[in-house]
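Notes follow once the structure below has been shown.
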Amino acid sequence: MKKHLFLALSLLPGFALAADFDGATLSLAWALPFVGILLSIALFPLFAPHFWHSHFGKVAAFWAACFLLPFTMVFGVPASLGVIAHAMIEEYVPFILILFALYTISGGILVWGNLHGSPKLNTGLLALGTVLASIMGTTGAAMLLIRPLIKANDNRKHNVHVVVFFIFLVANIGGGLTPLGDPPLFLGFLKGVDFFWTFSHMLPLVAFASALLLTAFYFIDSYYFKKEGVLEIDKTKDKPIKIHGKFNFFLIAAVVAAVVMSGVWKPGISWHIAGTELAIQDLMRDLILLALALVSLKFTPKPVRAGNDFNWGPILEVAKLFAGIFIVMAPAIAILRAGEAGHLAPLVNTVSNASGGPVDYMYFWMTGLLSAFLDNAPTYLVFFNLAHGDAVQMMGPMASTLLAISAGSVFMGALSYIGNAPNFMVKAVAEDRGIKMPSFFGYMAWSCAILLPLFVLMTLVFFSHSF
């Protein structure tokens, strides 16, 4: 059945052009649904939270329809179906499956016990989460550690800063070492960026940023700790930490193995579906990820997931929103790929010098600042394609530019709640546990005060060659 469907889709006319239509012929009006869905993500939770939480899937579908209906009228049904196939097969399905697998498996690991938050303990937990973020993903590490961190600080009067720094380090910067760590790096991996290239080139930047932030956190936490005086005696006694659902750690290792396999095993077998190539190694990886998540669901005791307050809400929100995002961003990427011939030529010129070469520090800042508001995964793709789009070229002569794009998208996703998918998840868990988290702009006051000076310093240290 599937084989016949593959053949039928492959033979439809016009599909080959759909995934790579000429962006030079498109006006910026085609990018309005992309802007609309991203503004919806930013503004609806602020001004209409009840409507948003009930209908965010419908809002995403509305913006997808705003793009697909006129696109179909202008370019035809085959081209429209080709855009959908390209977005789903090459980008969305692998992206959401790895998030689903990591979210599901990490939700089957329960860290149970009772500790009292102190500057040393909190800094240690943040450091552990920063390391784990590149191993099990920012989503997995954040969901694994946010609950024990909150519980350790439940008798502290000042604990908002603990969650804020957790978002900085565990939900964002810590994920910068591997394609497993953060969604934009995984999308780069899908585009052909080598798994170990990311690790070796990003390590100095991640280590630099993490060391400075952990040091800053220790002093800030020490200040609040001393401000509170002697901690009130916790009514709950200290209990040794116990970990339940340990077999899920083996499943996480299997997730890592599956992703690495898809990058190094290339037997040359593939199918072309609606103009999009589906390689056998990618299909095998996705099936393995799905199977691992199902194994975790099947064999993890229900009390373990209940102890984590595990539910599908966060991952469903990400799945529905990104289904729309990956579709409506297609014309924006096409326009950017057109370079100076497209209608975003001023943006292209901003990140290029007079001779047309890349300006790395501008790639770092433009990718980063847009990642703070447009979500870092699609922003990474936009600038990856703008710089060149070919992974071999990007890892070679343009390695410093790829590094700037990677660092900007990963690090500056921490500037706002909407910059990276786990940011919202952490905020939701913290609020569910009674922590009054800052508003959208309140959080940005924290992030701008702490992170922007750090990013300026990083520019001087790592990208000053492009001044």
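Brief remarks on what is shown
- With protein chains left intact and a 1.4 Å probe, residues in the chain average 42 Å² of accessible area per residue.
- Relative to the globular-protein estimate of 2.2 N^0.38 Å, the Cα radius of gyration of the stretch 311-365 stands at 1.60.
- HN-Hα J in Hz across the stretch 426-435 - Karplus 6.51, -1.76, 1.60, θ = phi - 60°, x for Gly and Pro: 5, 4, 5, 5, 4, 5, 5, 8, x, 8
- Cα centroid of the stretch 203-225 to Cα centroid of the stretch 337-393, whole Å: 30
- For the stretch 43-176, taking Cα atoms only, Rg and Dmax work out to 20.2, 62 Å respectively.
- Size of charge dipole - the chain - debye, nearest 20, with Cβ of Lys, Arg +1 and Asp, Glu -1, no other charges: 1520
- Rounded Å value of the spacing that divides the Cα centres of the stretch 433-467 and the stretch 112-165: 19
- Positive dipole terminus of the chain, leading residue within Phe225, Tyr103, Phe189 (C-beta point charges): Phe225
- Listed residue (His201, Leu144, Leu121) projecting farthest to the positive dipole end of the stretch 84-232, Cβ model: Leu121
- Per-residue HN-Hα couplings for the stretch 354-367 [Karplus 6.51, -1.76, 1.60; θ = phi - 60°; Hz; x = Gly/Pro]: 4, 8, x, x, x, 9, 4, 5, 6, 4, 4, 6, 5, 4
- For the chain, the longest principal axis of the Cα atoms and the long axis of helix 280-299 meet at an angle of about 30 degrees.
- Reduced Cα scattering model of the stretch 327-467, Debye log10 I(q)/I(0), q = 0.10, 0.12, 0.13 Å⁻¹: -0.37, -0.52, -0.60
- Coarse-grained scattering of the stretch 381-449 at q = 0.16, 0.23, 0.27 Å⁻¹, given as base-10 log I(q)/I(0) from a Debye sum over alpha-carbon atoms: -0.66, -0.93, -1.12
- Above-threshold pairs, the threshold being 28 Å between Cα atoms, out of Lys58/Lys157; Lys120/Lys298; Lys266/Lys320; Lys320/Lys427: Lys58/Lys157; Lys120/Lys298; Lys266/Lys320
- Seen from every direction in turn and averaged, the convex hull around the alpha carbons of the chain projects onto 22.4 nm².
- Protein accessible area in the chain, 1.4 Å probe - carbon and sulfur %: 71
- Whole-Hz ³J(HN,Hα) from phi, Karplus 6.51 cos²θ - 1.76 cosθ + 1.60, for the stretch 79-92, glycine and proline x: 5, 5, 5, x, 4, 5, 4, 4, 5, 6, 6, 7, 10, 5
- Available extension along the chain between His53 and Ile241 is 64.2 nm, counting 0.36 nm per residue and deducting the alpha carbon span.
- Rounded to the nearest angstrom and listed largest first, the equivalent-ellipsoid semi-axes of the stretch 136-275 from its Cα gyration tensor are 38, 19, 11.
- Relative to the dominant Cα principal axis of the chain, helix 160-169 is inclined by about 40°.
- In this structure the amide hydrogen of Gly113, modeled in the peptide plane, comes within under 5 Å of the amide hydrogens of Lys242, none closer than 5 places in sequence on its chain.
- The gain in end-to-end length when the Lys227 to Trp265 segment is fully stretched comes to 8.1 nm, 0.36 nm per residue minus the alpha carbon separation.
- Area accessible to solvent at Trp30, 1.4 Å probe radius, in Å²: 50
- Of Phe71, Met398, Leu369, farthest towards positive along the dipole that unit charges on Lys, Arg, Asp, Glu beta carbons give the chain: Leu369
- In nm, spacing of pseudo-spin labels at Phe62 and Arg433 (7 Å Cα→C-beta vector): 3.5
- Amide H contacts of Thr276 (H built 1.01 Å from N, under 5 Å, at least 5 apart or other chain): none
- Distant-in-sequence amide contacts of Ser352, defined by a placed amide H-H separation under 5 Å and a gap of 5 or more residues or a different chain, comprise Val359.
- Acute angle (nearest 10 degrees) that the helix 313-328 long axis makes with the longest principal axis of the chain, alpha-carbon atoms: 30
- Near-label residues of the stretch 394-435 by backbone N, under 19 Å of a point 7 Å along Cα→Cβ of Ser355: 394, 396-402
- A crude spin-label estimate for the pair Leu212 and Leu294, with each label 7 Å from Cα along the Cβ direction, gives 4.7 nm.
The values are calculated or read from the model by the stated rules, or taken from the named source; none is laboratory data. Note that the structure is predicted; figures quoted are calculated from it, not measured. Don't worry about glycine lacking a Cβ; one is built from the backbone with ideal geometry, like all the others, and counts go over all protein chains shown. Accessible surface is based on the protein model in full, side chains and every heavy atom, while ligands, DNA and RNA are left aside. Shrake-Rupley method; radii C 1.70, N 1.55, O 1.52, S 1.80 Å.
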